[in-house]
1. Which aspartates and glutamates, if any, have their Cα less than 15 Å from the Cα of Lys25, not counting same-chain residues under 8 positions apart?
2. Would you mind computing Rg(Cα) / (2.2 N^0.38 Å) for the chain, counting N as its residues?
3. Please compute the Kirkwood hydrodynamic radius over the range 175-214, one decimal place, Å, based on all pairs of different Cα atoms.
4. In what sequence do Leu83, Leu167 fall when counting other Cβ within 10 Å, fewest first?
5. Any aspartates and glutamates with Cα under 20 Å of the Lys127 Cα? List them, leaving off those in the same chain fewer than 8 positions away.
6. Computed from the mean reciprocal separation of all distinct C-alpha pairs, what Kirkwood hydrodynamic radius does the range 1-102 have, in Å?
7. Would you mind calculating the relative contact order of the range 2-150 from Cα pairs under 8 angstrom and at least 6 residues apart, reporting the percent as a whole number?
8. Rounded to the nearest 5, what % of the DSSP beta bridges within the chain are antiparallel ones?
Amino acid sequence: MSEVKVRAKVRAFRSVDLGFADPDKALRFFTAAWNLAPAGGGGAHYLRGTGAFHHIVTLRHAPQPALIRMVLDAADRATVDALHAQVLAHGLKTVETPTPLRQPHGDYGFGFKDPEGRNIAIVSGVKDHADTADMADRPRKLSHVNVNAGDSDATLRCYRDALGFTLTDTTRRLRFLSCNADHHSMVLGFTGGPTLNHIAFEMPDLDSVMRGAGRMRDHGRPIEWGPGRHGPGNNVFCYFLGPEDTPVELTAEMQQVDATHRAKTPEQWTWLPGRLDHWGITAGPSERIETAGLTIFFTDDGWRLDEWR
Ligand SMILES: [Fe+2]
């Protein structure tokens, strides 16, 4: 009988903790222009979408824009412990021991650095919201976070073998990673070191993406790429520059996948000349957003969850 090793898996990309030189100005952006809602909590600005997660963004002060940590959700304490064992078995050294946390961060979890120094928190038991009705022009949740990578292979091995992500597609420039029915919750590049490429927020549908784009224009922030429909994931998109030139995306209609999904290779993901998406109605990304997508690093100490205990 063949031995099947069942691995523990994270089940969602819950939130990002962001640092800004002017967090109050960033708060005004994320509420007035991006249409997230304050979620309460102390010591930072917590912002929620219409989905259940208590918050999907936190804002703090930092000397320059920074990604403090990416927060992944585990089903329960036993899964947190199993994921911790997998992270240690993977050979990662900068790893906390799982401990009780205080709300709104969850009731149990730990932090660690991935092979390229990205800060990750794994949490369970967050007291989430019961009201989850869609609203026409508000994000539901994070859709995905796209990070550049100096060593994409090492990063992929970590997310696949230690955290349970599945590779759902590969193009010449990107690898798409899934941890639930969404085609991707993370995207890894092949160049650019461990910097942030962009943060994507899920809207209810295409109309909501367009309403969001209009509101961004009202706030003096034009579309930097889009509207369009991506290849891998088949999701619609518009990209913008958020506070302190943080690249952000509004997206909707993400492809849903199950065990029957077959990942395609770079050779299978090709476009007609001049095309970068299914619609082909706009030019590619602006130079401004391409540049901004290489400048935001992770903080040194964001792997520690001290202030959550
Ligand atoms: Fe994206």
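1. Counting by Cα, and skipping residues close in sequence, Lys25 has these aspartates and glutamates nearby: Glu244, Asp245.
2. On the way: Rg = 18.4 Å, N = 309, 2.2 N^0.38 = 19.4 Å.
Taking N as the residue count of the chain, the ratio is 0.95.
3. On the way: mean 1/r = 0.0815 Å⁻¹.
Result for the range 175-214 stands at 12.3 Å.
4. Numbers: Leu83 25, Leu167 15.
Fewest-to-most ranking of Leu83, Leu167: Leu167, Leu83.
5. Asp17, Asp73, Asp76, Asp81, Asp107, Asp306, Glu307
6. On the way: mean 1/r = 0.0633 Å⁻¹.
Across the range 1-102, the inverse of the average 1/r is 15.8 Å.
7. On the way: 297 pairs, mean separation 42.1, N = 149.
Averaging sequence separation for qualifying contacts and normalising by length gives 28 percent for the range 2-150.
8. Details: 45 of 63 bridges.
In the chain, DSSP labels about 70 percent of beta bridges as antiparallel.
No lab work stands behind these numbers, since they all come straight from the coordinates. If you're wondering where the values come from, they're calculated on a predicted model, not measured in any experiment. All Cβ positions, even for glycine, are placed from backbone atoms using ideal geometry, and neighbour counts span all protein chains on display.
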